[in-house]
Each structure stands twice: as C-alpha cells, then as structure tokens.
Amino acid sequence: MLRHNAGMNHFPIPPGILLSRRRTLQLLGGLAASGTVLAAAPQPLRIGVIASWSGPYADYGRQFDAGMAVYLQQHGERLGGLPVELVRRDVPGAAPDLARRAAQELIVRDKVDVLAGLDFSPNAYAVGSIAAQAKVPVVVMNASSSAIPAQSPSAVRVSFTVQQVSAPMAQWAARQGIRQAYTVVADYAPGVDSETAFHKAFTAGGGTIVGALRVPLGNIDYAAYLQRVRDSKPEAVFFFFPSGVMPPAFLRAWKERGMDRSGIRLLATGEATDDSYLDATGDVALGLVTSHHYSYAHASPKNQRFVRDFQARFGTKLRPGYFAVAAYDGLATIDAALTRAGKDTRGEALVHAMRGLKLESPRGPIEIDAASRDIVQTVYIRRVDRVNGQLVNVEFDKFERVKDPGRE
C-alpha cells in the first residue's frame with residue numbers, strides 16, 4: 001500500500017446526484033433498520049523497514065524490497081488478512097545512531113506495528129533497545145550477530161547468525177582431514193563471532209589455528225595480510241567478510257598474488273559468494289567452498305517458484321540472494337503469527353505468536369526457536385561452479401537443524 005495525498009479536484013456535480021443531509025440520514029437509517037452493515041475497511045498492518053537503500057550497500061535494501069514484494073504478490077498483498085503498508089527508512093551501512101532515530105520516528109510518528117529489515121548488526125542492537133521499550137516486534141531480516149535476540153525481548157530473527165554458518169564450515173574442514181587453518185575476518189561483531197565459532201569447532205575436531213587476522217570493515221587492500229598468511233603456510237584459510245565490496249577484492253588479491261597456486265585451500269561463509277553479487281565477482285570465485293543457508297540454485301519446488309516469480313517481476317539481472325529470502329520469510333513469519341493469534345494481535349503478543357513457528361522456506365525448512373526467538377535451519381556446504389553459463393553455489397553437503405552454537 002502506498003500513501004498518496006492528493007489535492008481536492010472540483011468538478012460540477014450532475015443534477016440529482018447531490019443529496020440533502022436529511023435524505024442521506026434517511027438512507028443510512030433504512031440500511032440500519034434492514035440489518036445491512038457498512039463495514040469499515042480494515043486498517044493496514046504498518047511495517048517500518050530500516051535498511052540501506054543508498055551507499056555501497058544499497059543492494060541490501062533492493063533485495064529486501066524484492067523479497068517482500070514476491071511474498072505479498074503470492075499472498076494477495078495481505079498478511080493475516082490485513083492489507084500492508086511498508087514505511088521505509090534509509091540507513092546506509094552500519095550507523096546505529098541513525099538507525100535508533102529512524103526507529104523512534106517510525107514508532108512515535110508513523111505508528112508502525114512492526115519493525116523489520118536491519119542489514120547490519122550495530123543497527124539491530126540500537127533498534128532492539130528502542131523496540132523493547134515501546135514493546136514493538138522487530139523482525140530481523142539479516143543482522144547476524146549472535147546476541148541480538150537476547151539483547152531485545154522484542155526481536156525475532158528470520159535470517160541466520162554467522163556462528164551458525166561458520167561452525168559447520170569448520171566441522172566440514174576437519175572431516176576433510178585439514179589440520180591447520182588461518183582465519184581472516186572483518187573487525188566488527190559478526191566477524192568476531194565468525195572467528196570465535198570457527199576456532200571453537202575446528203579445534204574441537206582436532207585442528208589447530210595457526211594465525212588469526214582482523215581486517216577493518218570496508219578494507220579492500222589485502223597485500224600485507226596475505227603475505228602474513230603465506231609466511232605461516234597453513235593448510236587452509238577461512239575468511240568472513242560482509243557481502244558487497246570486501247569479498248571480491250579479497251578473492252582478486254588472492255589470485256593476483258598467486259595464493260591459488262600455493263596449495264592453501266580457501267574456505268568461507270556464503271557472504272563471499274552472495275548470489276546477488278556473484279556474477280559481478282566473476283571467475284575469481286570459481287571453486288570456492290562456502291557454508292550458508294541459501295543458494296539461488298537450491299533444488300526445491302518452493303525455491304523454484306520463488307525464483308520464477310522473482311524473475312517475472314524483476315527480470316534476470318537482479319538475482320535473488322539470501323537478503324531477499326529472509327525478507328520473504330520475514331513476512332511469512334508475521335503472516336503465520338497473525339493467523340495463529342488473530343489479526344488484531346500486536347506488541348508482545350505478536351512476538352509470542354512467532355515463537356515455535358515452523359515454515360517451509362525457499363531455503364528449506366526453518367523454525368523460530370521458542371526459547372531464543374532465533375532461527376533454526378539447514379546449513380549447506382556449497383561450491384561455486386559454472387552451470388548453464390552462470391556462476392552458482394551448488395550445494396553438495398549439509399548440516400540439518402542447526403542452531404546458533406551458543407544456544408545448543
């Protein structure tokens with residue numbers, strides 16, 4: 001639903017159309033006497049969406065928009081029987097103060113029923129505290145730092161946590177007989193979470209961490225870091241960077257410095273080969289093994305329909321990625337909660353109705369853990385291959401019903 005304020009248009013009224021006040025009251029009284037009810041149009045469910053629609057991460061907001069649009073199109077533009085109004089606030093990148101102000105405006109001025117979106121964890125932490133005070137549900141569609149739902153009783157996460165996808169990568173590496181690994185992560189909360197989860201799971205599997213580097217968020221010059229890695233001569237390097245500019249720059253530097261010929265295996269989480277960026281990343285991603293919860297190429301009827309409807313509406317240049325799927329599932333979660341609890345349910349009661357929900361997503365089966373309000377899902381091991389002329393993440397192994405490792 002789009003809000004539109006139009007000015008008054010003045011046209012001559014044909015004779016016989018203008019009714020007197022008395023005649024209007026007589027007609028209304030007759031309807032009431034006959035038992036006819038004039039039903040008021042239902043008030044829309046108002047969802048405030050906070051994300052990046054400008055700056056280097058503008059694709060995040062576009063993916064959120066596209067995923068929500070596909071869900072609404074498939075479900076008659078309604079959630080729980082209610083029309084929907086999306087109220088957007090552009091918060092480019094990690095900007096918690098701006099996100100906090102946006103949440104305050106959406107709650108106080110725009111009177112939203114639900115907050116959603118949230119591509120960066122610092123923003124989710126800031127919004128979570130505001131939402132908790134106002135008792136407004138927050139549906140987290142990307143931010144992946146583990147502690148977000150624990151920090152805010154209003155938060156329900158439908159995306160993933162970096163620990164949830166990093167630990168399976170470490171477990172898979174150990175199964176392949178890799179015994180020495182070096183980690184390189186972005187220096188912010190999700191990067192530290194990824195490093196922690198990989199280290200813990202890899203050492204539990206008998207491996208040794210021979211080095212660890214943290215790189216400033218947004219950095220694209222990796223020469224000095226890769227030299228340190230080369231000097232350590234590990235069997236494998238595991239890296240985590242947010243989707244966007246950092247992973248392609250790292251992969252290009254890896255190849256340009258001959259690291260692909262060094263015998264060191266390269267592993268990552270799925271942010272490195274985000275489907276929406278994979279074509280632009282190019283052949284430097286070929287063969288990269290990653291762990292994540294969604295691939296555009298996931299073979300299920302649900303995903304095939306999702307991709308088909310996505311392409312019918314947005315064409316083939318914008319490929320659906322995990323941001324779009326989380327936005328789709330975010331609306332599915334709200335829809336199911338309203339159906340479970342009643343369309344007039346709001347606030348804490350709506351959060352409660354989301355607990356324990358089980359849904360079939362384009363990514364596979366998902367569940368909102370009743371205790372933690374966090375996502376439970378399958379994590380896939382994938383390899384970048386060229387299929388029918390396209391670079392895609394081909395799933396070849398999986399870990400089912402994975403929770404955030406800190407909650408198991």
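Of the residues contained in segment 243-264, none is found to be touching a residue at least 24 places away in the same chain (Cβ under 8 Å), out of contact with any Lys or Arg (no Cβ under 6 Å at 6 or more places or on another chain), crowded, with 20+ Cβ neighbours inside 10 Å and in a strand (DSSP E or B).
If we scan segment 236-249, do we find a residue that is small (G, A, S) and over 23 Å from A285 (Cβ atoms)? No, segment 236-249 has no match at all.
Return yes when D260 is charged (D, E, K, R) and modelled with pLDDT under 95 and no when it is not. Can you show your working first?
Working: charged (D, E, K, R): yes; modelled with pLDDT under 95: yes.
Yes, satisfied.
Applying the set (1) farther than 18 Å from D113 by Cβ; (2) at pLDDT below 95 to R383 leaves exactly one unmet item: (2).
Within segment 261-302, which residues are acidic (D, E) and more than 15 Å from I381 (Cα to Cα)?
Keep residues of segment 261-302 that are acidic (D, E), which gives 271, 274-275, 279, 283.
D279, D283, listed by residue number.
Being touching a residue at least 40 places away in the same chain (Cβ under 8 Å), at negative phi, assigned to a strand (DSSP E or B) and open to solvent by less than 70 Å² (accessible area, probe 1.4 Å) is a property that V229 lacks.
Conditions (1) modelled with pLDDT under 95; (2) surrounded by 12 or more Cβ atoms within 10 Å (Cβ to Cβ); (3) among the charged types (D, E, K, R), marked per residue:
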residue: P14; (1), (2), (3): yes, no, no
residue: A69; (1), (2), (3): no, yes, no
residue: G81; (1), (2), (3): no, yes, no
residue: R88; (1), (2), (3): no, yes, yes
residue: A103; (1), (2), (3): no, yes, no
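Apart from one condition, P56 fits all of (1) of a type outside the set (A, V, I, L, M, F, W, C); (2) within 22 Å of the chain's Cα centre (by Cα); (3) at pLDDT below 95; (4) not in a loop (DSSP other than H, G, I, E, B); the exception is (4). Restricted to segment 304-363, and to residues that are in contact with a Lys or Arg (Cβ under 6 Å, 6 or more places away or on another chain) and not acidic (D, E), which residue is surrounded by the most Cβ atoms within 10 Å (Cβ to Cβ)? Once the filter is applied, the top-ranked residue is V325. A search for C-beta distances below 8 Å between a residue of segment 90-111 that is basic (K, R) and any residue that is open to solvent by less than 80 Å² (accessible area, probe 1.4 Å) and part of a helix (DSSP H, G or I), counting only pairs 6+ apart in sequence or on different chains, returns R100/A126; R100/V127; R100/S129; R100/I130. Looking only at segment 265-299, filter to residues that are polar (S, T, N, Q) and either open to solvent by 10 Å² or more (accessible area, probe 1.4 Å) or under 23 Å from R179 (Cβ atoms) (or both); which one of those is nearest to the chain's Cα centre (by Cα)? Only one residue fits best here, namely S276. Applying the criterion of at least 3 residues that are touching a residue at least 40 places away in the same chain (Cβ under 8 Å) and of a type outside the set (G, A, S) to the strands (runs of 3 or more DSSP E) found wholly in segment 303-408 leaves 375-387, 390-402.
The values are calculated or read from the model by the stated rules, or taken from the named source; none is laboratory data. Just so we're clear, the structure is a prediction, and the values are computed from it rather than from any experiment. Neighbour counts are summed over all protein chains in view; Cβ atoms, including those assigned to glycine, are modelled from backbone coordinates with ideal geometry. Remember, those area values only see protein heavy atoms, side chains included, never the ligands or the DNA or RNA. Shrake-Rupley method; radii C 1.70, N 1.55, O 1.52, S 1.80 Å.
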